[in-house]
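Values quoted throughout were computed directly from the atomic coordinates according to the rules given, and no laboratory measurement underlies them. Fair warning: this is a prediction, and the values are worked out from it, not measured in the lab. Methodologically, a virtual Cβ is constructed for each residue, glycine included, from the backbone with ideal geometry; neighbour enumeration extends over all protein chains shown.
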Amino acid sequence: MSSFRSDSSGAAEAVANIEDLLTQILVSVPLRSLARFKCISTHWRSLISDLHTVKNPKISTFFPSKFQDESYESIPLGNSQIPSCWNPLKILNNSIPDGSELRILQSCNGLLLCLCVTTKERRHDVVYVFNPTTNQFRAISSPRVRENMSLSAFTHYALAFDPCKSPHYKVICVSNFFYCYDRGHHQIDIYSSETGEWKHLDTPFFPSPLHFNRIREGAVYCNGAVHWMRNVGGNLSFSDARNEFIRHETDVLHYFDIGQERLGLVSATPPIPLVVRNIPLKDSGKSPTEWPTFDQRYFGESGGHLYLIETYKHCKTQFDVMEMERDYSGWFVKYHVDLNPLFTALPSSNDSVILCLSQEKEKHNEEDSSADLLLHMPGKVISYNLRNKTFKTSVVESANEKLFFDIDSRFFCSEVVMYPYMESLACVGR
Amino acid sequence: MKKISVRTSDGQEFELEENLAMESATIKTSLDAFSRDDIILLPNVNSWEMVKIIEFFTKVQELETKFGVKFMEKKEGRFLEAFQAEFDKDLSDDNLYCLLWTVDYLGIEVLLENLCHLMAERTKNKTVESCRNLFGVQHDYTPEEEAEIREDYSWAFEGPEIEE
């Protein structure tokens with residue numbers, strides 16, 4: 001059967017010829033070596049490209065969207081091979097002009113989109129598409145000039161990158177500069193890494209421009225479109241006619257479909273969270289005994305679905321994980337999460353920051369994929385399985401533990417968003 | 001505990017405890033098809049490989065007692081380190097490749113993962129050329145294509161490499 005049995009020098013070749021086995025070996029090879037091994041042959045290159053893809057996301061670290069000082073520290077997870085001195089953003093920071101501040105806008109399948117905000121008078125913003133694993137970046141000058149700074153003017157950027165579909169990425173820029181309530185047009189420009197150029201889209205006048213300027217910074221790429229959430233935390237009021245909490249404003253979700261090059265709007269008012277509905281009422285149900293205060297919100301993507309989580313201060317340990325229907329017909333509650341058992345088991349912390357959702361695909365049973373919720377507590381990252389309701393703790397090593405308290409306290413003031421990052425060899429281009 | 005008998009390619013017979021034998025998907029399939037009293041023939045397995053596999057299971061049991069954890073769970077970091085320290089020193093490269101092939105054939109998941117990790121460690125610093133020779137891979141890039149990749153990943157080619 002195996003001819004190498006008589007000649008052991010052919011054993012390595014026999015092993016490499018079994019694709020599953022070779023893949024299993026390559027998974028443990030550090031990324032730097034994998035980058036070199038891409039030169040071995042076209043077959044090895046495609047094997048390696050498939051290793052760290054959307055199908056096998058391995059979240060290795062979290063980056064905060066804003067950095068307080070020049071430390072640019074991130075929160076690495078225990079399973080990563082990242083050395084503790086790794087500080088790629090510092091390297092990027094060295095390349096930007098003095099007096100500028102670097103902000104991360106988005107993390108998309110192995111690439112980061114960063115915005116360079118200058119205090120100086122600067123007409124064109126610069127966005128950076130950056131791969132922290134390879135330390136490569138591309139500086140892209142914005143197509144729009146910041147002409148006037150009226151309160152309603154805005155520019156939003158998003159990155160669309162799906163290594164399963166294409167090694168190239170696109171950057172979308174939606175902007176609108178108009179005076180006061182003059183309606184104006186949305187300007188949409190798309191940058192393609194393949195051409196290295198911006199393309200301007202002629203779009204018709206968009207009916208509700210005012211909605212777009214209260215956008216939470218940080219688009220989410222999912223299923224061929226980039227999505228923007230509005231920055232309306234909570235949005236609750238009490239209806240004494242219906243004796244219940246209601247959302248006092250219809251919420252909308254903006255998205256840009258990359259393939260169809262079309263901006264869309266989805267009416268997406270999330271249902272009232274269970275913890276809010278459970279607030280006891282008084283005065284024969286005419287008013288609540290307690291007013292829910294909005295705590296934190298998570299908006300992200302996992303396994304090809306959009307997820308939204310809102311937590312409220314009066315009951316931080318319970319929340320709903322909401323998923324958006326594939327056809328954008330609305331949010332539905334996918335999981336009710338009760339973290340009380342978790343907090344009872346870990347008494348040293350009573351607060352947590354929701355980092356992200358992560359789909360763990362079991363190797364042998366693709367249908368059986370369940371989502372894990374990653375939570376940050378001082379000194380640890382907890383991975384909570386939403387289906388089995390079990391959790392795993394990994395200790396987060398940090399030279400400066402106080403840093404995470406700072407990140408989290410700024411997080412709770414809704415200033416900072418944590419972006420999950422998975423290592424990748426994606427090229428940003430020369 | 002029931003013992004399962006196996007015979008390797010060179011005619012040597014080994015007795016394995018049933019629960020350990022069942023860790024091999026291949027042996028398990030044979031046991032399901034035939035009676036447990038029969039000797040299972042493993043013509044693709046050498047006796048020295050079987051010795052190593054039994055050594056592995058013994059080691060696992062030792063480490064489980066030491067750390068108090070069930071190590072048949074995959075990707076347990078401490079086990080990986082302990083395993084590598086034990087197996088790395090007396091397994092030559094050639095033997096490692098043969099053992100890897102055999103363990104894959106026998107379908108012993110947990111040992112396979114650890115051996116793959118070991119192989120990854122030994123391979124990571126090799127040059128592109130030595131990998132091609134070792135794994136018998138056909139070089140199918142044009143000089144221009146290869147130059148492009150080397151430029152895209154120039155950062156990866158800096159630093160220490162072992163020519164083997």
**Request:** With unit charges on the beta carbon (Lys/Arg positive, Asp/Glu negative), name the residue among B:Thr29, B:Asn19, B:Phe57 whose Cα is farthest towards the positive pole of the charge dipole of chain B.
**Result:** B:Asn19
**Fill in**
Put in order of increasing Cβ neighbours within 10 Å, starting from the fewest, A:Leu159, B:Leu134 give B:Leu134, A:Leu159
**Complete:** Simple SL model, points at 7 angstrom along Cα→Cβ for A:Ser239 and B:Lys3; separation in nm is 7.7
**Message:** Between B:Thr142, B:Thr58, B:Thr123, where does the largest GNM mean-square fluctuation fall for chain B, given springs only between Cα atoms within less than 10 Å?
**Reply:** B:Thr142
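Within 10 Å of each Cβ in B:125-135, how many Cβ atoms from other chains are there, averaged over the peptide?
The per-residue average across the peptide is 5.
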**5 angstrom amide H check on A:Ala268, placed H, neighbours 5+ away** = A:Asp251, A:Val252, A:Leu253
**Request:** Neighbouring Cβ atoms within 10 Å as the yardstick, rank A:Trp228, B:Trp48 fewest first.
**Result:** B:Trp48, A:Trp228
**Prompt:** Which angle from 0 to 90°, rounded to the nearest 10, does the C-alpha axis of helix B:93-106 make with the longest principal axis of chain B?
**Reply:** 50
**Request:** Tabulate in residue order the Karplus-calculated ³J(HN,Hα) for segment A:316-321, using 6.51 cos²θ - 1.76 cosθ + 1.60 with θ = phi - 60°, rounded to whole Hz; enter x for Gly and Pro.
**Result:** 5, 7, 10, 6, 9, 9
**Message:** So the label point goes 7 Å from the Cα of A:Lys389 along Cα→C-beta, right? Which residues of segment A:267-303 then have their backbone N under 20 Å from it?
**Reply:** A:273-279
**Request:** Mind sorting B:Glu144, B:Glu55 by how few other Cβ atoms lie within 10 Å of their own Cβ, fewest first?
**Result:** B:Glu144, B:Glu55
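Give me the number: length gained by fully extending A:Asp257 to A:Ser192, i.e. 0.36 nm times residue separation minus the C-alpha to C-alpha distance, one decimal in nm.
Numbers: separation 65, 0.36 × 65 = 23.40 nm, distance 1.45 nm.
Contour length minus the Cα-Cα distance gives 22.0 nm.
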**Complete:** Mean separation of Cα contacts under 8 Å (at least 6 apart) over the residue count of chain B, i.e. the relative contact order in percent, is 20
**Message:** At a 10 angstrom cut-off on C-beta neighbours, averaged per residue, how do the peptides A:134-140, A:217-223, A:105-111 rank from highest to lowest?
**Reply:** A:105-111, A:217-223, A:134-140
**Item:** Neighbour net charge for B:Ser5 - beta-carbon separation under 10 angstrom, K R +1, D E -1
**Value:** -1
**Item:** Other protein chain Cβ atoms within 10 Å, averaged over every residue that makes up A:20-33
**Value:** 6
**Prompt:** With +1 on each Lys and Arg Cβ and -1 on each Asp and Glu Cβ, how big is the dipole of segment B:3-70 about its Cα centre, in debye rounded to the nearest 20?
**Reply:** 200
**Prompt:** Long-range amide H contacts for A:Thr61: which residues qualify at under 5 Å (H placed 1.01 Å from N, peptide plane, sequence gap of 5 or more or a different chain)?
**Reply:** A:Leu77, A:Tyr421
**Asked** In nm, to one decimal, how far is the B:Tyr141 label point from the A:Asp50 one, both placed 7 Å along Cα→Cβ?
**Response** 2.0
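Between A:Arg277 and A:Asn223, how high is the FRET efficiency from 1/(1 + (r/R0)^6) when r is the Cβ-Cβ distance and R₀ = 35 Å? Nearest 0.05.
So, using R0 = 35 Å, E works out to roughly 0.70.
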**Asked** How far apart, in nm, are the 7 Å Cα→Cβ label points at A:Lys334 and A:Thr42?
**Response** 3.8
